[in-house]
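Structure first, then comments.
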Amino acid sequence: MEDRALKRAIFFFCFVTACASGTEPVEPLPQPTGWTAVLIAGDNQEPAFDNAVDAMAEKLEGYGIEAKSIVTLKASRSGAGAATRTNIDRAFTNLVPAVGQGCFVFVTSHGQQERGLVLVASRGYLMPSDLDGLLNRHCGDRPTVVIASGCFSGIYASSRTMQAANRIILTAARRDRTSFGCNASRRFTVFDQCILSGIDRGLSWSTVMERTHACVTQHEEEADYHPPSEPQIFVGQAVERQTAFPP
């Protein structure tokens, strides 16, 4: 057991440092003074996805982010609240961060290998290239945190289209691995439960992911889920020292 834990720790550390490093030094970005957030539940087959975005919205408000700066979109809704491509684009357009603010994106759904996370309401996927385009247009070079939760979601962290110096990307699994807990008996998926408990004010995002990774590993081993999902992280050079929602 100790050997396996050590190997996982070494793998995780190497992945973080490899992603954070680059060929040329990048000027650090200042810690955001505020955030705008887009929270998306892309599927409605189980209530876990809706539950996660609701819990994340509550958590963000607890950290001082105003409700008007948070948009939640769900596959279970209709009209302007539905998680469609049109509404997602509108949410980013309407929530362009002010000077000194950052962008926070949380997407939870089922995933398809090499495609991305499912958007049931649009009968398609939110692919890394789609999200990259939205972030480029509406967040620019501001500090940006993306949490992608679902099977094969590691594609968001490993995709060159998503990797940027101003971005931190946390995903529920490797790009070739499933994640677990998508069933009606659970309030949240395993990763969503762990990321919600792992985020804490003032922690570095790498520490948040270390806590989340340990939590996921514990749940997967207790439930005998395998192969392990291996949550992933990318940390851009300009945001290496940034923390989660400081006072």
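The values are calculated or read from the model by the stated rules, or taken from the named source; none is laboratory data. All of these numbers come straight from a predicted model, not from anything done at the bench. Using ideal geometry, Cβ is built from the backbone for each residue, glycine included, and neighbour counts are taken over all protein chains shown.
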Name the residues in the stretch 215-228 that are under 15 Å from GLN193 (Cα atoms) and either in contact (Cβ under 8 Å) with a residue 12 or more places away in the chain or in contact with a Leu (Cβ under 7 Å, 6 or more places away or on another chain) (or both), would you? CYS215, VAL216, THR217, HIS219, GLU220, ALA223
Please enumerate the residues belonging to the stretch 202-247 that are surrounded by fewer than 17 Cβ atoms within 10 Å (Cβ to Cβ), assigned to a loop (DSSP other than H, G, I, E, B) and out of contact with any Gly (no Cβ under 9 Å at 6 or more places or on another chain). GLY202, ASP224, HIS226, PRO227, ARG241
Which of (1) crowded, with 22+ Cβ neighbours inside 10 Å; (2) touching a Cys at 6+ places or on another chain (Cβ under 9 Å); (3) within 20 Å of SER153 (Cα to Cα) does GLY102 not meet, given it meets every other one? (3)
Going residue by residue through the stretch 25-34, is there one that turns out to be within 18 Å of PRO143 (Cβ to Cβ), of a type in the set (S, T, N, Q) and either at pLDDT below 95 or surrounded by 21 or more Cβ atoms within 10 Å (Cβ to Cβ) (or both)? yes
State the number of residues belonging to the stretch 207-238 that are in contact with a helix residue (DSSP H, G or I) (Cβ under 7 Å, 6 or more places away or on another chain), under 20 Å from LEU60 (Cβ atoms) and among the hydroxyl-bearing types (Ser, Thr, Tyr). 1
Options LEU134, LEU95, LEU170; residue that is among the hydrophobic types (A, V, I, L, M, F, W, C) and farther than 21 Å from LYS68 by Cβ: LEU170
Only unsatisfied item for LEU131, checking (1) buried (at least 22 other Cβ atoms within 10 Å of the Cβ); (2) at positive phi, is (2)
For the stretch 134-154, enumerate the residues that are surrounded by fewer than 19 Cβ atoms within 10 Å (Cβ to Cβ) and either under 15 Å from ILE40 (Cβ atoms) or not charged (D, E, K, R) (or both). ASN136, GLY140
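Per-residue answers, yes or no, for (1) in a strand (DSSP E or B); (2) surrounded by fewer than 23 Cβ atoms within 10 Å (Cβ to Cβ); (3) of a type outside the set (Val, Ile, Thr):
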{"residue": "ALA165", "(1), (2), (3)": "no, yes, yes"}
{"residue": "ARG175", "(1), (2), (3)": "no, yes, yes"}
{"residue": "THR178", "(1), (2), (3)": "no, yes, no"}
{"residue": "SER185", "(1), (2), (3)": "no, yes, yes"}
{"residue": "PHE191", "(1), (2), (3)": "no, no, yes"}
In the stretch 93-108, is there at least one residue being farther than 24 Å from ALA244 by Cβ and touching a Phe, Trp or Tyr at 6+ places or on another chain (Cβ under 9 Å)? no
